[in-house]
Structure formats: C-alpha cells, structure tokens
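> One structure, pasted below without further comment.
Just so it is clear, none of the values below were taken in a lab; they were calculated from the coordinates. Quantities reported herein were computed from a predicted structural model and do not represent experimental measurements. Virtual Cβ from ideal backbone geometry, glycine too; neighbours counted across all protein chains shown.
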Amino acid sequence: MSGAGDRAGTGVGDGILVVDKPAGWTSHDVVGRCRRLLSTRRVGHAGTLDPAATGVLVLGANRGTKFLTHLVAHDKEYTATVRLGLATITDDAEGEPLGEPVDATGLDEDDAVAAAVAALTGPIQQVPSSVSAIKVDGRRSYARVRGGEEIDLPPRPVTVSRFDVLARRTDGPFLDLDVVVAVSSGTYVRALARDLGRALGVGGHLTALRRTRSGPFTLDQARTLEQVEAEPRVEPLAAVARRLFPVREVDEREAANLAHGGFLTAGGVPGTVAAFAPDGTLVALVEDTARGAKPVLVVAAAG
C-alpha cells in the first residue's frame, strides 16, 4: 500500500507543522507564508490566534489539512498579561477604551483578585468577545462590531482548568497580572480578562497573549518562520498519529477495506484510533460505531 505522502507535486508531502507565530501576523498570514515555503497550496491551521498574540499555531499540509479536524478540539494553554483598571471594546490592547481608567492599584493589597480568579476557574458560562470570528446571521461578529453594530453573543459552556496569577505589578493606575491559563477549545482568554475586571469593578483587558500549548503540541516543538524557511519540512501524519491516538494494527485485507471506506470489526477502544497497515503506512483514523469500526478519515490512497 502506498503512503499518502509519496505522491508527487505536493511539496513536502502530508503532515503537521507547528509554528511559533510572530506578533503582528494573522493566522491566515502564517498559512500564506507556509504555502510558499512548503511549496503547496493545501495548508490550513487548527485554532486561530489573534494578530497580537504569539506562540503555538498548528498547521496541516496537504492531507494534513483534513487531519486538523481531529486536533481543533484539544485544550490549550497560554501565558498572558491582564491589565486591570480599563475595559476596551475588543477586550485587548488593540481596541478603543470604554470610559476612563480606574485606579486598580488598591486591589494589590487584598484577596479580591484571588476570589475573582477562583470564580472564573472550572466549568463556567462565558460570553465570547464581541470582536471574534463567531458568525452572526452569516457575518463574522468582529465585522459587525467594526461596522458600528452592537452585538450580544449568548454565553456558552467552557472549562478553565487552570488560572494562576504568577506576578503582579502596578503601572500608574493599573494593576497588571501575569497569568497562566489552561482552557478548553473555544475559550476566549480576552473574555477572561474582561470578566475578571468586571467582577472587580475596575474593568480589564488583555495586553499580551502567548499560546504555549495546543493539545499535545508545545512551544518546544514549534519553529519560527525563519526556521521553516531554512528547513521546510513537516512531521509525517503517521508519526503524529502514533503520538496522538491509540494504534490498531490491521492486515492487508483490512487495510484495503479501510482505504475504500469500508468498516472493520469494532476494536473496543473508545474515541479515535489510528489504523496502520503491516508496512507501517497510516491507513485511516477509525472510531467504533454500532456497525463496527468506521473510518472517519482515510489517509492512505486506495490501491
């Protein structure tokens, strides 16, 4: 069975690339740059980062773009700086202030911050930032807000599994908090800054954000765009699958069946499983159903 990464004309082949996104670049900018560096137009990303944010951005190349669907739901971890004393329209430093600064320096001397942080930890209902990519009647929320509309997004359940204050410092009337947060997919760290300031009665916004982890992918694995340019390569999907999912070894007949979209007998392992042919080729990602193990993504080309 031939591997999906052996096809000609796909540049580096099929795989995953972890980029350390620089400040000032949109996630789409990074995708565009990597299309040129990897010599393929088929590049996508798993989880947008704001232009001002930096850190882990997971990209897929060629058939790796379809692999991203199974990565976007992973939890993420960030370091950030929350500025207490002023709210902004975007919940970060890029937006216009909402009102005048409020003296928040007195909060440095009591337990109010710790109590407010604790209230925002665990399963919570979060209203996403209005300047977000969420669609409202077919248009992105940020486009409506920038067009002068007032948007009220409904709250949704998210989980903040970690919200720790690492350091505090004052800057004029402001109290800046350096924090680390670990959150479920779909959580807005900007909204945490907004809600923390709101709970303390002083307003708040985010001044710095760096993603340090997206699921199993960390900054230790991330490469700068300069490093990608010097060595344009991706991690093969087979290697990624062995790290991320339980493995099921299949025989040649079963591999051919999966490659054509057929079912196997259930494997009894919950969730997504990576099925490998005898020659080590990643054939498909499968999940048990009532009918048997169903391929949710066929990777190897049917021969």
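> DSSP beta bridges in the chain, what fraction antiparallel, as a percent rounded to 5?
90 percent
> Work out how much length ALA93 to THR26 would gain on full extension: take 0.36 nm times their residue separation and subtract the Cα-Cα distance, in nm to one decimal. Can you show the working numbers first?
Values: separation 67, 0.36 × 67 = 24.12 nm, distance 1.59 nm.
Full-extension gain reported as 22.5 nm.
> In addition: With a cut-off of 8 Å between alpha carbons and a minimum separation of six or more residues, what is the relative contact order of the chain in percent?
23 percent
> Show that you can apply the helix-only estimate: for the chain, add -39,500 (n - 2.57) for every DSSP H stretch of four or more residues, divide by all residues, and state [θ] at 222 nm to the nearest 500.
It lands at -5500 deg cm²/dmol.
> If you count the DSSP beta bridges with both ends in region 245-298, what percent of them are antiparallel, to the nearest 5? Can you show the working numbers first?
Working: 11 of 14 bridges.
Around 80 percent antiparallel, to the nearest 5.
> Based on the mean of other Cβ atoms within 10 Å per residue, sort peptides 230-240, 259-269 so the most packed one is first.
Highest mean packing first, the order is 230-240, 259-269.
> Further question: Evaluate the relative contact order of region 245-298 (contact order divided by residue number), counting alpha-carbon pairs under 8 angstrom at least 6 apart; express in whole percent.
Details: 110 pairs, mean separation 20.1, N = 54.
37 percent.
> Take THR224, THR207 and order them by how many other Cβ atoms sit within 10 Å, fewest up front.
By the 10 Å Cβ count, ascending: THR224, THR207.
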